């Protein structure tokens, strides 16, 4: 299911930077605090406020007064965050994504969940656990899109490895469109060992591979983990051997692969379909 033509889009920006005003430079230096992270974009910032995230400072482009900005300002007034009106040039310098939309929030850094947190979320909803596990996904846009899909598909969390994979960056938060505030992400040392541990807790695992059985022929109900692989090489051999089922997505086109975030959406909603129809 890997997309061998997938390109990395999280490139360094090359625009010439204009010098910031003196008092604005102080604000930028403060954002380097290791205990904070930047949330960029109107929807992502608004969801951060609504999810109760601790916003330390809010940066808004001077002169913006549209409805979305006014809504963000109303949410900010409900908290004790520091509001700063700054130039677009300064926001461009601060931005890690290149798409700040005139607003950046400095918040407490995203915290990774524990495996127990994912099970607790499932228990709170009265549902069988449904986790999405990612085997070395490297593109932050893909991770953000998968977290968004996980939230919409009702998955109780996403599990990623510590090494050789992207973590929770500003780009991931922006691409998730606010879903990162509601979907726990757990970082583990060894994905294969984690699958074994979760099997002992009653879970079954299905991984994606073009040589697998058609997804419609598999029983994807109950406590299940969906394992998706790296953008280029797919699910690694060791991780695939730990899975109980291997699923393929029927394709009718002239090319033979989907982007990993798209493939995750297709398989995740097949799990949703089966869970709704086979209770």
Exercise. If you take the residues of the stretch 237-278 that are in a loop (DSSP other than H, G, I, E, B) and within 25 Å of the chain's Cα centre (by Cα), which of them is surrounded by the most Cβ atoms within 10 Å (Cβ to Cβ)?
Worked result: 243
Problem set entry | Unmet requirement for residue 99, which otherwise passes all of (1) at pLDDT below 95; (2) within 21 Å of residue 194 (Cβ to Cβ); (3) assigned to a loop (DSSP other than H, G, I, E, B) | (2)
Exercise. Which numbered condition trips up residue 108, out of (1) modelled with pLDDT under 95; (2) closer than 16 Å to residue 40 by Cα; (3) crowded, with 22+ Cβ neighbours inside 10 Å?
Worked result: (3)
Exercise. What pairs can you find where one residue is in the stretch 189-206 and under 16 Å from residue 164 (Cα atoms), the other is surrounded by fewer than 13 Cβ atoms within 10 Å (Cβ to Cβ) and modelled with pLDDT under 95, and their Cβ atoms are less than 6 Å apart, with a gap of 6+ or different chains?
Worked result: 189/162
For this session: Give the residue, chosen from 180, 168, that is part of a helix (DSSP H, G or I) and at pLDDT below 95.
Result: 180
For this session: Tell me, please, whether a residue that is modelled with pLDDT under 95 and either surrounded by fewer than 19 Cβ atoms within 10 Å (Cβ to Cβ) or within 24 Å of the chain's Cα centre (by Cα) (or both) can be found in the stretch 212-226.
Result: no
Problem set entry | Pair list, Cβ under 6 Å, 6 or more apart: the stretch 47-66 residue without any contact (Cβ under 8 Å) to a residue 40 or more places away in the chain, other residue crowded, with 18+ Cβ neighbours inside 10 Å and assigned to a loop (DSSP other than H, G, I, E, B) | 64/102
Exercise. Assigned to a strand (DSSP E or B) and at pLDDT 95 or above: does that describe residue 133?
Worked result: yes
Exercise. Do we have residue 149 as surrounded by fewer than 19 Cβ atoms within 10 Å (Cβ to Cβ), out of contact with any strand residue (DSSP E or B) (no Cβ under 6 Å at 6 or more places or on another chain) and part of a helix (DSSP H, G or I) here?
Worked result: no
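The values are calculated or read from the model by the stated rules, or taken from the named source; none is laboratory data. Computed from a predicted structure; not experimentally measured. When we count neighbours, we look across all protein chains shown, and the Cβ atoms used for this are built from the backbone with ideal geometry, even at glycine.
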